[in-house]
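The values are calculated or read from the model by the stated rules, or taken from the named source; none is laboratory data. Bear in mind the structure is a predicted one, so any value in this text is a computation, not a measurement. Counting neighbours? That spans all protein chains shown, and the Cβs are built from the backbone with ideal geometry, glycine included. Only protein heavy atoms, including side chains, enter the accessible area calculation; ligands, DNA and RNA are left aside. Shrake-Rupley method; radii C 1.70, N 1.55, O 1.52, S 1.80 Å.
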Amino acid sequence: MARKMASQGTPATAALAAAGVPFTLHPYAHDPAAASYGLEAAEMLGIEPARVFKTLMVEVEGKLAVAIVPVSGNLDLKATAAALGSKKAAMANPQAAERRTGYVLGGISPLGQRQPSPTVLDESALGFETILVSGGRRGLDIELAPADLLRLTKGTTGPIGTGSG
């Protein structure tokens, strides 16, 4: 599956292939006018939004971290801070997020980032056999098991999403 789509290669797909993790690529035609990259992916791929996760960069105590939540909801910054052992979190500066990850906004993958960051996945992901996350560019999602995502990102889980139920 990964070899057939070499033209879809990104640092995220390279990291998965190198780790021998099974995954499925889901390319779709990205519309630059889409208001929400994540909801666009869910709609274009015909997958329930609760299984499609967005990767958000947050700042906690001056350091960047990754928060992964369903596209059907929002990020709870206070819960994210708590999951990362802090009291306060804020959305990261977009340019800082792009520099740190090596990806553009709307295409930030939790996998294959230029500089790995502490990662928290919303615990709702554990209710699915597989979830989808950005594949490292707009118009490409990767489907994989939540346990594989957590292992590769050295991530933890927590109740960091809101309104995703």
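Structure summary
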| item | result |
| --- | --- |
| Residue within region 84-94 that is under 14 Å from the mean Cα position of the chain (by Cα) and open to solvent by 60 Å² or more (accessible area, probe 1.4 Å) present | no |
| Helices (runs of 4 or more DSSP H) contained in region 26-110 and holding at least 3 residues more than 21 Å from G163 (Cα to Cα) | 94-101 |
| Residue count for region 31-48, restricted to those that are of a type outside the set (F, W, Y) and either open to solvent by 50 Å² or more (accessible area, probe 1.4 Å) or within 13 Å of the chain's Cα centre (by Cα) (or both) | 11 |
| Selection from region 96-110 of residues that are modelled with pLDDT of 95 or more, surrounded by fewer than 19 Cβ atoms within 10 Å (Cβ to Cβ) and farther than 16 Å from K63 by Cβ | E98, G102 |
| Region 1-29: number of residues that are modelled with pLDDT of 90 or more and not aliphatic (A, V, I, L, M) | 10 |
| Hey, D148 within 21 Å of A35 (Cβ to Cβ) and among the charged types (D, E, K, R) or not | no |
| Long-range neighbours under 7 Å by Cβ, at least six apart or interchain, first residue touching a residue at least 60 places away in the same chain (Cβ under 8 Å) and farther than 12 Å from V133 by Cβ within region 42-70, second among the aromatic types (F, W, Y) and outside any strand (DSSP E or B) | L45/Y28 |
| Residues satisfying the stated conditions in region 140-165, i.e. part of a loop (DSSP other than H, G, I, E, B) and either modelled with pLDDT under 95 or over 20 Å from P22 (Cα atoms) (or both) | P159, I160, G163, S164, G165 |
| Lone unmet requirement of (1) open to solvent by 50 Å² or more (accessible area, probe 1.4 Å); (2) within 14 Å of the chain's Cα centre (by Cα) for G161 | (1) |
| Any hit, region 118-139, residues being out of contact with any strand residue (DSSP E or B) (no Cβ under 7 Å at 6 or more places or on another chain), assigned to a strand (DSSP E or B), of a type outside the set (D, E) and surrounded by fewer than 22 Cβ atoms within 10 Å (Cβ to Cβ) | yes |
| Selection from region 56-70 of residues that are open to solvent by less than 20 Å² (accessible area, probe 1.4 Å) and under 14 Å from M91 (Cα atoms) | M57, V58, V60, A65, V66, A67, I68, V69 |
